[in-house]
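A short worksheet on the structure shown next.
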Amino acid sequence: MGYNFVQIEKKWQKKWEEKKIFNVKEDPKKKKFYVLDMFPYPSGDGLHMGHAFVFSLGDIFARFKRLQGFNVLYPIGYDSLGLPAENAAIKRGTHPAEYTEKSIANFMKQQKAMGWSYDWNRMIKTSDPEFYKWDQWVFLQMLKRGLAYRKKSAVNFCSKCQTVLANEQVHNGKCWRHEDTNVEIKQLEQWYFKITNYAEELLQGLEKLGWSDRAKTMQKNWIGKSYGTEILFEVNNKKWPIFTTRPDTIYGVTFMVVSANHPKLMELVTDKQKKQVDTFLKKLGSVSEKELERMDKEGVFTGSYAINPINNKEVPIWVGNFVLADYGSGMVMAVPAHDQRDFEFAKKYKLPLKQVIKPEKEKFDINEKKLAYEEYGVLTNSENFNGLSSEEAIEHISIFLKEKKLGKKTVNYKLKDWLISRQRYWGTPIPIVYCEKCGIVPVDEKDLPIELPKEVKFGKGNPLATNEKWINTKCPKCNGKARRETDTMDTFVNSSWYFLRYTDPKNSKNIFDPKKANYWTPVDQYIGGPEHITMHLIYIRFYTKFLRDLGLLKFDEPALNYFTQGVVKGSDGNRMSKSRGNVVEPLDTINKYGADSLRLYLISASSPDSDFDWNEGGIQGSFRFLNKVYDYFDLIKFEKIDAKIDSKLNKAVKEVTNLVEGFKHNLAIINIRGFFDYISDKKIDRKTAESFLKILHVYCPFITEELWEKLGNKSFISLEKWPVVDEKKIDEKFDREEENVEKLVNDVNNVVKIIKDKGKNVEKVFIYVLPNEKELYMNSIEEIKKRTGFEVNIFAVNDKNKHDPENKSKKVKPGRPGIYLE
């Protein structure tokens, strides 16, 4: 019958599910291991090959640790709230809830077909009110502790949709739905989480983690700790604290720049300048930091002035598109002689330059060189501080400002507080009501969850605002009339603690049982993409520290190790994505070659942390290999093995163990295939056969379960023990033998080719070796004959009866036999 992968894979999917063999519970006697994939967003189109690749990495590691005897938690869930589901549902004319449920069913079908060994009993969906109830609970705990707060901030607004747009919905300053509509920037009251309270701990905690240096560096840069001085400039009789790392340049300030997104911007704009500022703001078209970075540096005068505290001189305040509202106070002091960005801006708008730092030795003329001098040097044009080095001046000016109560040394972080408000429907409702008497009032915990109403209208504005029945409610304090908050939470909130819910997914009374959470977590191995390092992985660390502070967790980092996987590219050379139309559907490939062949190809194509191009020719090679394995085991007969096979088996197990542990799966497969090639024409014992199946199992679970059963085993190979390496049985002599034989075969075949190219025939091969090497080559005489295709005679160089008409034996060296052909 041969390798019927369709029948085999359906059979074992059913058996694993019936016996629930991957379902686990806490066991204090067993060492736990938590493997976590980033849970997927369930789109209607289902999984693509990129998903198949990354989730296979998690399954390989989970199966490996299970075989090593760990109590393995390997759960799955769905990040099922969010804008894509809302947009897709609108496009297809269905409700997001209905769309999401169908998508999840499709995902589950594909995931089971891939053979991933999830504990399906723990499955979660963030769109389930029993899940997002605890998002709301966490919000209330943050509110109690001053970590959830409301303030005005700039948002993208489409006047035609009458709704706020996410940054990704703004295309070149236009609404994604209406390409004829310019996006406006509006200041709206928004909810924030004060993640900056944990900035220093988030920075210091990186030292504990077994993450790559690249991942740690990316987070350090995102948190962006910098030491500097806070200087109090006076604006309209009010103090504005301005952060700078270069107080030594304060005498060179010739203008100030305030962020175009600053909530207090219009307080600085005079009536005379209002029209110009409004025109400038409309041109911006987005609050996205990435979009602003791509723009030319532009600005307009606000009409107001700031007083420089060091010399009491007035400097004009401009509004610019290159200052972030959340950096420092949202205003910066511009020193165009010593900052290239400020220099270009000043030149563009004919603003003055004043050089206050000069190099120690060379002459530097800013106008002549047409660029700013940004290095340290010696102060000039700086009154009492002239002649000081930049380092000395930074210290002395900071002390001077502190004594005059005009400034102080401080630390600044690039990290901003987390804006969680979304003016959209398909997200977690914020548990807040607005009462005319009591103001902002949190919902009582006993009334959670605040569920999303199903009856809403899509198309214009925030859908939640269309259900007046849901909006109108009673105030929890005075029982008077109140209105619900219609903003929903950013979906990164849902994914910031989901790994903890997996430890106790059915708990209706608490977010989770601390005993269960502290048994399973932190995550031992997290797997995900590089794009999540500076957002999701910051947020999940923040949540962990907050829940620790609530007394629920005994640790402060969510994931001890993080592996960053590569990307599968489509036939067009771009990353596989539905938007590019280059997706290869896993089920189509599974139906053609089987899940095991697909899994084997995906992790053989390149190192798992590297990008690679999808190539169907590669999967055909994997399919042929599995057919050979199946046929070999179908006819297997056991007999005692020799020391060489035993040595090669133990070496293969040792190397594969280390390579699986290090996520070097492509190299592990080379070892596995090499070992199989060696035994494929030999008879082996049961232990060798079973050990081979175990090391192949983590990559190809279906075929190995089938062959394990064919060997007469009643247990699941999925629950067996990983082979134990016997170091004493590994004999490097066999490897040297193999290398020497390989060289000899190649040499013989090369000489034969040369002779045949000259039109001569070869009938006999004579080999001459050193006496102490003869046994080595004689042990492999049959293999040499087979691979050269000739009758081969081997002589020691001191053999008096050897046939050596050309004295080839005299040129023999250690490891380099002589060759004579007739």
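The values are calculated or read from the model by the stated rules, or taken from the named source; none is laboratory data. This is a predicted model, so every value here is computed, not measured. Methodologically, a virtual Cβ is constructed for each residue, glycine included, from the backbone with ideal geometry; neighbour enumeration extends over all protein chains shown. The protein model used for the area step is the full one, side chains on, heavy atoms only, and it has no ligands, DNA or RNA in it. Shrake-Rupley method; radii C 1.70, N 1.55, O 1.52, S 1.80 Å.
Quick notes
- Considering every alpha-carbon pair of segment 1-138, the percent of pairs per 5 Å bin, from zero through the bin containing the longest distance, is 2, 9, 16, 19, 19, 15, 11, 6, 2, 1, 0, 0.
- Segment 576-676: C-alpha gyration tensor shape, a/c 1.5 cut-off, then a/b vs b/c: oblate
- Distance between the 7 Å Cα→Cβ label points at Asp444 and Asn801: 10.6 nm.
- Amide N proximity, segment 207-245 versus Lys414 label position 7 Å along Cα-to-Cβ, cut-off under 17 Å: 213-228, 243-245
- Put simply, when 444-451, 664-671 are sorted by average Cβ atoms within 10 angstrom per residue, most first, you get 664-671, 444-451.
- DSSP assigns beta bridges within the chain; of those with both partners inside it, close to 75 percent run antiparallel.
- A prolate overall shape is assigned to segment 693-774, the ratio a/c of its alpha-carbon gyration tensor axes (a ≥ b ≥ c) being 1.5 or greater and a/b exceeding b/c.
- Carbon and sulfur %, accessible surface of the chain computed with the full protein complex present, 1.4 Å: 48 percent
- Peptides 277-283, 764-770, 709-715 ranked from most to least packed give 764-770, 277-283, 709-715, packing being the mean of other C-beta atoms within 10 angstrom over each peptide's residues.
- Taking a ≥ b ≥ c as the square roots of the Cα gyration tensor eigenvalues, segment 112-257 comes out oblate, since a/c reaches at least 1.5 and a/b does not exceed b/c.
- Segment 194-292, Rg to Rh (Cα coordinates; Rh as Kirkwood inverse mean 1/r): 1.07
- Positive-end residue, the chain charge dipole about Cα centroid, Cβ charges, pick of Leu147, Ser622, Tyr41: Leu147
- Over 19 Å between alpha carbons, listed pairs Lys239/Lys283; Lys15/Lys687; Lys733/Lys802; Lys348/Lys414; Lys682/Lys786; Lys151/Lys408: Lys239/Lys283; Lys15/Lys687; Lys733/Lys802; Lys348/Lys414; Lys151/Lys408
- Environment charge of Lys437, counting only residues whose C-beta is closer than 13 Å and scoring Lys/Arg +1, Asp/Glu -1: +3
- Estimated distance in nm for a label pair at Lys786 and Phe638, the labels positioned 7 Å out from Cα along Cα-to-Cβ: 2.3 nm
- Placing unit charges on the Cβ atoms only, positive for Lys and Arg and negative for Asp and Glu, gives the chain a dipole magnitude near 1240 debye about its Cα centre.
- Segments 643-655, 361-373, 786-798 sorted - mean Cβ within 10 Å per residue, highest first: 643-655, 786-798, 361-373
- Glu314 contributes about 130 Å² of solvent-accessible surface, heavy atoms of the protein only, 1.4 Å probe.
- Simple spin-label estimate for Lys272 and Glu392 in nanometres, 7 Å along Cα-Cβ: 4.3 nm
- Accessible area of Trp222 (1.4 Å probe, protein heavy atoms only, ligands and nucleic acids ignored): about 110 Å².
- Scaled against 2.2 N^0.38 Å for its residue count N, the alpha carbon radius of gyration of segment 416-490 is 1.10.
- Within the full protein context, the accessible area of Ile781 is estimated at about 30 Å² for a probe radius of 1.4 Å.
- With N the number of residues in the chain, Rg(Cα) / (2.2 N^0.38 Å) evaluates to 1.23.
- Probing with 1.4 Å while keeping every protein chain in the model, the per residue accessible area of the chain equals 46 Å².
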